[in-house]
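Structure, as structure tokens:
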Amino acid sequence: MKDLNDILKDLPENVALIAVSKSFSTEEVQELYKQGQRAFGENRVQELARKNEILQKETLIWHFIGRLQTNKINHLLKIPFHLWQSCESLEMAKEVDKRSDRIINVLLQVNSAEEASKQGIPPALALEEYLKIQENCKNINLQGIMSIGAMSEDKKEIEKSFKITYKIFEEAQKYGAKICSMGMSSDYKIAIDCGSNMIRLGSILK
Ligand SMILES: *Cc1c(COP(=O)(O)O)cnc(C)c1O
């Protein structure tokens, strides 16, 4: 695993690093833990449950960042995760809200690049959906916006998608949003320049 300081030393103070461990073994997670990393992200409920079980002794702060199927909600809720970053609709928020007996921290995922392959609400509908979730789901504590940058070689295209995300975040800030989660291994520097305060890095940490 990489020396985390190589990445941390260049991060602005307000930017949180989530280590995306979906392709890491539990030993590799432990290695990062020893380097001081606490926040980890997984995109599958099964794998999150497995790692959480094995790594119980460590105080890991789990983020769920993947597509959530309705039939996995109860399983997810049994795990003490910190933030569900990938809520993409009022409908899903309601499903989780209904089944949860505790307050869940949530980000609304926006498909800012409007790519068919991507999860997330279209940008034009995002703020309205954000407010509806806030209004309708008593167990959902909305904390901000998450997005994946445009899948492109063109820096301008990537930047454009992050700027769209940030605009929505700015609007949502009027309603209490605090987190703007964007930026992965290949594009996190661009994301930070566009206002991200939470990056999700996987492959670059290996
Ligand atoms: C896998 C994944 C990441 C990390 O991607 P890398 O390119 O490995 O840094 C970040 N966010 C989400 C939602 C992911 O699924």
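The values are calculated or read from the model by the stated rules, or taken from the named source; none is laboratory data. All of these numbers come straight from a predicted model, not from anything done at the bench. Note: ideal-geometry Cβ built from the backbone for every residue, glycine included; neighbour counts use all protein chains shown. Ligands, DNA and RNA are stripped out before the accessible areas are found, and what is left, the full protein with its side chains, is counted by its heavy atoms. Shrake-Rupley method; radii C 1.70, N 1.55, O 1.52, S 1.80 Å.
General remarks:
- When residues of the range 76-98 are limited to those that are farther than 22 Å from Ser147 by Cβ and loosely packed, with under 14 Cβ neighbours inside 10 Å, the one farthest from the chain's Cα centre (by Cα): Lys98
- Test result for Ala116, modelled with pLDDT under 95 and over 17 Å from the mean Cα position of the chain (by Cα): yes
- Single unsatisfied condition, Gly183 versus (1) without any contact (Cβ under 8 Å) to a residue 24 or more places away in the chain; (2) under 14 Å from the mean Cα position of the chain (by Cα): (1)
- Taken across the range 46-55, residues that are within 13 Å of the ligand (Cβ to nearest atom) and open to solvent by 20 Å² or more (accessible area, probe 1.4 Å) do occur, with at least one present.
- Exactly one residue out of Glu27, Glu42 is more than 16 Å from the ligand (Cβ to nearest atom) and either farther than 13 Å from Leu201 by Cβ or over 19 Å from the mean Cα position of the chain (by Cα) (or both): that is Glu27.
- Asn141 under 24 Å from Leu77 (Cβ atoms) and either in contact with an Asp or Glu (Cβ under 9 Å, 6 or more places away or on another chain) or more than 16 Å from the ligand (Cβ to nearest atom) (or both): yes
- Residues of the range 179-206 classified as more than 8 Å from the ligand (Cβ to nearest atom), assigned to a loop (DSSP other than H, G, I, E, B) and open to solvent by 50 Å² or more (accessible area, probe 1.4 Å), total: 1
- Subset of the range 21-36 (residues that are closer than 15 Å to Gln46 by Cα and open to solvent by less than 10 Å² (accessible area, probe 1.4 Å)): Ser21, Phe24
- Considering residues of the range 133-178 that are open to solvent by less than 10 Å² (accessible area, probe 1.4 Å), among the hydrophobic types (A, V, I, L, M, F, W, C) and part of a helix (DSSP H, G or I) only, the residue farthest from Ile18 (Cα to Cα): Ile133
- Yes/no for Leu125 being of a type in the set (A, V, I, L, M) and open to solvent by 50 Å² or more (accessible area, probe 1.4 Å): yes
- When restricted to residues that are touching a residue at least 24 places away in the same chain (Cβ under 8 Å) and in a helix (DSSP H, G or I), the range 21-35 contains 7.
- Members of the range 118-132 that are out of contact with any strand residue (DSSP E or B) (no Cβ under 7 Å at 6 or more places or on another chain), assigned to a helix (DSSP H, G or I) and either of a type outside the set (Gly, Ala, Ser) or more than 21 Å from Lys174 (Cα to Cα) (or both): Leu125, Leu127, Glu128, Leu131, Lys132
- Meets criteria (open to solvent by 20 Å² or more (accessible area, probe 1.4 Å) and assigned to a helix (DSSP H, G or I)) for Glu115: no
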